[in-house]
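Structure first, commentary second.
The values are calculated or read from the model by the stated rules, or taken from the named source; none is laboratory data. As the structure is a prediction and not an experimental result, all values here were calculated from the model. Cβ atoms come from the backbone with ideal geometry, glycine included; neighbour counts cover every protein chain shown. Surface areas here come from the heavy atoms of the whole protein model, side chains and all, with no ligands, DNA or RNA. Shrake-Rupley method; radii C 1.70, N 1.55, O 1.52, S 1.80 Å.
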Amino acid sequence: LIGTGGGGIWETRDDGKSWRPATSEEGEFPMAIGAIAFVPGRSDIVYAGTGEGNDLPEYGVGLWKSTNGGATWREVPKNPFVGLGFFALAIDPLDHKHMLAATSGGLFQSRGKDTKWKPVIKDTYCWDVSIHPAVKGDPQSTQEIFAATRNGLALSTNGGRTWKEDSTLLKDTFPRLAVCHAPSNGDVVYAFGSDRTGAAALWRRNEPGARFERQFCSPQIETTQIDYDWFAAASPENPDVLYLGAISLWKGERQSADGSWTWSNLSASDYGMHSD
(Lines give C-alpha, C1' and ligand atoms only; values in the text may rest on other atoms or scores of the structure.)
Protein backbone atom coordinates (compact mmCIF):
# COMPACT_ATOMS: atom_id res chain seq x y z
CA LEU A 1 0.00 0.00 0.00
CA ILE A 2 1.11 3.54 -0.72
CA GLY A 3 -0.41 6.78 0.50
CA THR A 4 -0.18 9.80 -1.78
CA GLY A 5 -0.38 13.52 -1.11
CA GLY A 6 -3.33 14.08 -3.44
CA GLY A 7 -4.40 10.76 -4.94
CA GLY A 8 -5.54 8.67 -1.98
CA ILE A 9 -4.27 5.17 -1.17
CA TRP A 10 -3.27 2.71 -3.86
CA GLU A 11 -2.70 -1.01 -3.50
CA THR A 12 -0.88 -3.77 -5.32
CA ARG A 13 -1.38 -7.49 -4.78
CA ASP A 14 1.04 -8.73 -7.43
CA ASP A 15 4.36 -7.29 -6.22
CA GLY A 16 3.83 -3.95 -7.93
CA LYS A 17 2.97 -5.15 -11.44
CA SER A 18 -0.43 -3.45 -11.27
CA TRP A 19 -2.05 -0.91 -8.98
CA ARG A 20 -5.60 0.18 -8.17
CA PRO A 21 -7.10 2.77 -5.84
CA ALA A 22 -8.26 1.63 -2.42
CA THR A 23 -11.96 1.75 -1.61
CA SER A 24 -13.94 2.97 1.38
CA GLU A 25 -16.89 1.66 3.37
CA GLU A 26 -17.96 5.21 4.17
CA GLY A 27 -18.22 6.99 0.84
CA GLU A 28 -15.49 8.94 -0.90
CA PHE A 29 -12.01 8.16 0.37
CA PRO A 30 -9.82 11.08 1.47
CA MET A 31 -7.28 12.02 -1.20
CA ALA A 32 -4.57 13.58 0.99
CA ILE A 33 -2.63 10.89 2.92
CA GLY A 34 0.25 11.91 5.17
CA ALA A 35 1.20 8.57 6.76
CA ILE A 36 0.37 4.88 6.52
CA ALA A 37 1.41 1.96 8.74
CA PHE A 38 0.64 -1.74 9.04
CA VAL A 39 0.36 -3.26 12.49
CA PRO A 40 3.75 -5.01 12.89
CA GLY A 41 3.51 -8.67 11.91
CA ARG A 42 -0.01 -8.27 10.52
CA SER A 43 -0.85 -7.91 6.85
CA ASP A 44 -4.57 -7.34 7.49
CA ILE A 45 -4.64 -4.33 9.84
CA VAL A 46 -3.38 -1.01 8.54
CA TYR A 47 -3.92 2.64 9.51
CA ALA A 48 -3.81 5.78 7.35
CA GLY A 49 -3.50 9.33 8.61
CA THR A 50 -5.38 11.75 6.37
CA GLY A 51 -4.05 15.20 5.62
CA GLU A 52 -0.53 15.66 4.34
CA GLY A 53 1.57 17.60 6.81
CA ASN A 54 3.88 18.78 4.05
CA ASP A 55 1.04 20.56 2.25
CA LEU A 56 -1.28 22.12 4.80
CA PRO A 57 -3.96 23.20 2.30
CA GLU A 58 -4.70 19.45 2.23
CA TYR A 59 -6.21 19.30 5.71
CA GLY A 60 -6.99 15.95 7.28
CA VAL A 61 -10.35 14.49 8.25
CA GLY A 62 -9.16 11.93 10.79
CA LEU A 63 -7.51 8.52 11.07
CA TRP A 64 -8.72 5.66 8.85
CA LYS A 65 -8.38 1.89 9.31
CA SER A 66 -8.56 -1.26 7.23
CA THR A 67 -8.94 -4.75 8.70
CA ASN A 68 -8.66 -6.58 5.39
CA GLY A 69 -5.28 -5.47 4.10
CA GLY A 70 -6.52 -2.31 2.44
CA ALA A 71 -9.44 -3.76 0.49
CA THR A 72 -11.91 -1.48 2.32
CA TRP A 73 -11.48 1.38 4.78
CA ARG A 74 -13.48 3.12 7.48
CA GLU A 75 -12.95 6.16 9.62
CA VAL A 76 -11.80 5.48 13.19
CA PRO A 77 -11.73 8.83 15.02
CA LYS A 78 -12.11 12.27 13.49
CA ASN A 79 -10.90 14.10 16.56
CA PRO A 80 -8.33 15.25 17.42
CA PHE A 81 -7.03 15.00 13.86
CA VAL A 82 -9.53 17.06 11.85
CA GLY A 83 -7.70 19.97 10.24
CA LEU A 84 -4.24 18.55 10.87
CA GLY A 85 -1.71 16.92 8.58
CA PHE A 86 0.13 13.67 9.29
CA PHE A 87 3.88 13.13 8.96
CA ALA A 88 4.33 9.67 10.51
CA LEU A 89 2.54 6.82 12.29
CA ALA A 90 4.35 4.41 14.61
CA ILE A 91 2.96 1.25 16.22
CA ASP A 92 4.73 -0.49 19.11
CA PRO A 93 5.73 -3.97 17.85
CA LEU A 94 5.32 -5.41 21.37
CA ASP A 95 2.00 -3.68 22.13
CA HIS A 96 -0.14 -3.11 19.05
CA LYS A 97 -2.61 -1.02 21.03
CA HIS A 98 0.10 1.55 21.64
CA MET A 99 0.35 3.95 18.70
CA LEU A 100 1.87 7.38 18.07
CA ALA A 101 1.05 9.97 15.42
CA ALA A 102 3.40 12.77 14.37
CA THR A 103 1.32 15.64 13.00
CA SER A 104 1.29 19.35 12.23
CA GLY A 105 -0.39 19.83 15.62
CA GLY A 106 2.12 17.87 17.69
CA LEU A 107 2.59 14.28 18.82
CA PHE A 108 -0.48 12.23 19.76
CA GLN A 109 -0.64 8.87 21.51
CA SER A 110 -3.21 6.10 21.79
CA ARG A 111 -3.27 3.32 24.37
CA GLY A 112 -5.86 0.57 24.45
CA LYS A 113 -8.39 2.01 21.97
CA ASP A 114 -7.53 3.38 18.55
CA THR A 115 -10.51 5.73 18.86
CA LYS A 116 -8.96 7.57 21.82
CA TRP A 117 -5.94 9.81 21.27
CA LYS A 118 -4.27 12.30 23.60
CA PRO A 119 -1.65 14.97 22.82
CA VAL A 120 1.70 14.34 24.50
CA ILE A 121 3.71 17.10 22.76
CA LYS A 122 1.50 20.09 22.01
CA ASP A 123 1.44 23.19 19.84
CA THR A 124 4.39 22.43 17.59
CA TYR A 125 5.14 20.56 14.43
CA CYS A 126 6.15 16.95 15.08
CA TRP A 127 7.73 15.65 11.90
CA ASP A 128 8.84 12.19 12.90
CA VAL A 129 8.60 9.51 15.58
CA SER A 130 10.72 6.39 16.02
CA ILE A 131 10.28 3.45 18.43
CA HIS A 132 13.23 1.28 19.46
CA PRO A 133 12.83 -2.03 17.58
CA ALA A 134 11.77 -5.09 19.53
CA VAL A 135 14.54 -7.30 20.90
CA LYS A 136 13.75 -10.99 21.28
CA GLY A 137 13.40 -11.95 24.94
CA ASP A 138 13.31 -8.33 26.15
CA PRO A 139 9.74 -7.13 26.85
CA GLN A 140 11.07 -3.64 27.70
CA SER A 141 13.03 -3.11 24.50
CA THR A 142 10.50 -0.76 22.88
CA GLN A 143 10.39 1.65 25.83
CA GLU A 144 12.68 4.20 24.14
CA ILE A 145 10.92 6.54 21.73
CA PHE A 146 12.24 9.64 19.94
CA ALA A 147 10.12 12.37 18.40
CA ALA A 148 11.45 15.12 16.11
CA THR A 149 10.06 18.64 16.66
CA ARG A 150 11.00 22.24 15.94
CA ASN A 151 12.89 22.33 19.25
CA GLY A 152 14.96 19.23 18.56
CA LEU A 153 14.46 15.71 19.82
CA ALA A 154 11.98 14.72 22.50
CA LEU A 155 12.76 11.48 24.32
CA SER A 156 10.72 8.98 26.30
CA THR A 157 12.40 6.11 28.08
CA ASN A 158 9.21 4.64 29.54
CA GLY A 159 7.15 3.82 26.48
CA GLY A 160 5.72 7.28 25.95
CA ARG A 161 4.36 7.89 29.44
CA THR A 162 6.61 10.89 30.05
CA TRP A 163 8.70 13.01 27.69
CA LYS A 164 11.65 15.36 27.96
CA GLU A 165 13.82 17.29 25.56
CA ASP A 166 16.92 15.25 24.75
CA SER A 167 19.92 17.36 25.74
CA THR A 168 22.48 15.19 23.93
CA LEU A 169 21.63 16.70 20.53
CA LEU A 170 22.72 20.18 19.48
CA LYS A 171 20.10 22.61 20.78
CA ASP A 172 18.58 24.63 18.01
CA THR A 173 15.34 25.56 16.33
CA PHE A 174 14.97 23.34 13.31
CA PRO A 175 13.14 24.02 10.04
CA ARG A 176 12.86 20.24 9.69
CA LEU A 177 14.22 17.24 11.60
CA ALA A 178 14.03 13.49 11.00
CA VAL A 179 14.91 10.68 13.42
CA CYS A 180 15.22 6.91 13.06
CA HIS A 181 16.42 3.88 15.01
CA ALA A 182 18.46 1.37 13.03
CA PRO A 183 16.18 -1.70 12.66
CA SER A 184 19.05 -4.19 13.02
CA ASN A 185 20.52 -2.44 16.09
CA GLY A 186 18.15 -0.11 17.90
CA ASP A 187 20.93 1.31 20.05
CA VAL A 188 22.02 3.24 16.95
CA VAL A 189 19.87 6.30 16.28
CA TYR A 190 20.21 8.97 13.58
CA ALA A 191 18.94 12.55 13.46
CA PHE A 192 18.96 14.48 10.17
CA GLY A 193 18.40 18.23 10.18
CA SER A 194 20.43 21.38 9.64
CA ASP A 195 22.97 23.42 11.52
CA ARG A 196 22.91 27.15 12.25
CA THR A 197 24.38 27.92 8.83
CA GLY A 198 21.53 26.13 7.08
CA ALA A 199 23.72 23.29 5.80
CA ALA A 200 22.64 19.66 5.94
CA ALA A 201 23.62 18.05 9.24
CA LEU A 202 23.64 14.47 10.48
CA TRP A 203 24.02 13.15 14.04
CA ARG A 204 24.42 9.59 15.34
CA ARG A 205 24.03 7.97 18.73
CA ASN A 206 25.73 4.63 19.33
CA GLU A 207 24.14 3.48 22.59
CA PRO A 208 21.33 4.50 24.97
CA GLY A 209 22.17 7.55 27.03
CA ALA A 210 25.17 8.48 24.88
CA ARG A 211 25.52 11.82 23.16
CA PHE A 212 24.56 12.38 19.55
CA GLU A 213 27.78 12.99 17.64
CA ARG A 214 28.02 15.06 14.47
CA GLN A 215 28.76 12.94 11.37
CA PHE A 216 30.13 13.81 7.97
CA CYS A 217 27.18 14.65 5.73
CA SER A 218 27.73 15.27 2.02
CA PRO A 219 27.90 19.04 1.40
CA GLN A 220 26.05 18.38 -1.87
CA ILE A 221 22.81 17.44 -0.11
CA GLU A 222 20.28 20.07 -1.13
CA THR A 223 18.63 22.17 1.57
CA THR A 224 16.29 24.10 -0.73
CA GLN A 225 13.25 22.14 0.47
CA ILE A 226 14.45 21.27 3.96
CA ASP A 227 11.15 22.40 5.50
CA TYR A 228 9.18 20.16 3.14
CA ASP A 229 10.49 16.73 2.39
CA TRP A 230 13.42 15.45 4.48
CA PHE A 231 13.57 11.89 5.80
CA ALA A 232 16.09 9.40 7.19
CA ALA A 233 15.99 5.60 7.13
CA ALA A 234 18.68 3.11 8.17
CA SER A 235 19.10 -0.14 6.28
CA PRO A 236 17.16 -3.01 7.90
CA GLU A 237 20.31 -5.13 7.63
CA ASN A 238 23.18 -2.78 8.46
CA PRO A 239 23.13 0.11 10.97
CA ASP A 240 26.05 1.72 9.12
CA VAL A 241 24.06 2.18 5.90
CA LEU A 242 21.75 5.19 5.86
CA TYR A 243 19.37 6.67 3.30
CA LEU A 244 18.57 10.40 3.39
CA GLY A 245 15.86 12.12 1.42
CA ALA A 246 16.14 15.75 0.36
CA ILE A 247 15.35 16.77 -3.22
CA SER A 248 17.52 13.82 -4.24
CA LEU A 249 17.89 10.44 -2.55
CA TRP A 250 21.26 9.87 -0.88
CA LYS A 251 22.95 6.71 0.40
CA GLY A 252 25.63 6.92 3.06
CA GLU A 253 27.98 4.13 4.13
CA ARG A 254 29.93 4.45 7.35
CA GLN A 255 33.30 2.78 7.69
CA SER A 256 33.37 1.09 11.08
CA ALA A 257 37.17 1.28 11.28
CA ASP A 258 37.42 5.06 11.45
CA GLY A 259 33.83 6.33 11.35
CA SER A 260 34.26 8.07 8.00
CA TRP A 261 31.37 8.26 5.51
CA THR A 262 31.04 7.92 1.76
CA TRP A 263 27.94 9.32 0.06
CA SER A 264 26.33 8.65 -3.30
CA ASN A 265 23.39 10.30 -5.03
CA LEU A 266 20.91 7.61 -6.12
CA SER A 267 18.77 9.96 -8.17
CA ALA A 268 18.86 9.91 -11.94
CA SER A 269 20.06 13.51 -11.88
CA ASP A 270 20.46 16.30 -9.38
CA TYR A 271 16.72 17.00 -9.57
CA GLY A 272 15.58 13.72 -11.07
CA MET A 273 13.86 11.89 -8.22
CA HIS A 274 12.31 14.23 -5.64
CA SER A 275 12.36 11.59 -2.93
CA ASP A 276 9.58 13.35 -0.98
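Numbers at a glance
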read-out: Given K97/K118; K17/K78; K78/K116, the pairs whose alpha carbons are separated by over 22 Å; value: K17/K78
read-out: In nm, spacing of pseudo-spin labels at K116 and K97 (7 Å Cα→C-beta vector); value: 0.9 nm
read-out: Accessible area per residue, Å², the chain with all protein chains present, probe 1.4 Å; value: 46 Å²
read-out: Sparsely packed GluC sites (Glu not before Pro) within segment 177-276, loop by DSSP, other Cβ within 10 Å at most 12; value: E237
read-out: Karplus-derived HN-Hα couplings along segment 152-162 (A = 6.51, B = -1.76, C = 1.60, θ = phi - 60°), whole Hz, x at Gly and Pro; value: x, 9, 9, 10, 10, 10, 10, x, x, 6, 9
read-out: T72 paired with T124, simple spin-label distance in nm, labels 7 Å along Cα-to-beta-carbon; value: 4.2 nm
read-out: 222 nm mean residue ellipticity, helices alone, for the chain (DSSP H n ≥ 4; -39,500 (n - 2.57); rounded to 500); value: 0 deg cm²/dmol
read-out: 10 Å beta-carbon shell around A210, net charge (K/R +1, D/E -1); value: 0
read-out: Percent antiparallel among DSSP beta bridges (both partners in segment 1-90, rounded to 5); value: 95 percent
read-out: Nearest-20 debye value, the chain charge dipole, Cβ charges on Lys, Arg, Asp, Glu; value: 740 debye
read-out: Carbon + sulfur, % of accessible area of the chain - ligands and nucleic acids excluded, 1.4 Å; value: 48 percent
read-out: Gain on full stretching of the segment that runs from T4 to S141 - 0.36 nm per residue minus C-alpha separation; value: 46.1 nm
read-out: Placed amide H near A88: partners under 5 Å, 5+ positions off or other chain; value: A102
read-out: For D195, distant residues with modelled amide H under 5 Å away; value: A201
read-out: Derived scalar couplings ³J(HN,Hα) [segment 114-125; Karplus, 6.51 cos²θ - 1.76 cosθ + 1.60; whole Hz; x for Gly, Pro]; value: 6, 8, 10, 10, 10, x, 10, 10, 9, 6, 7, 5
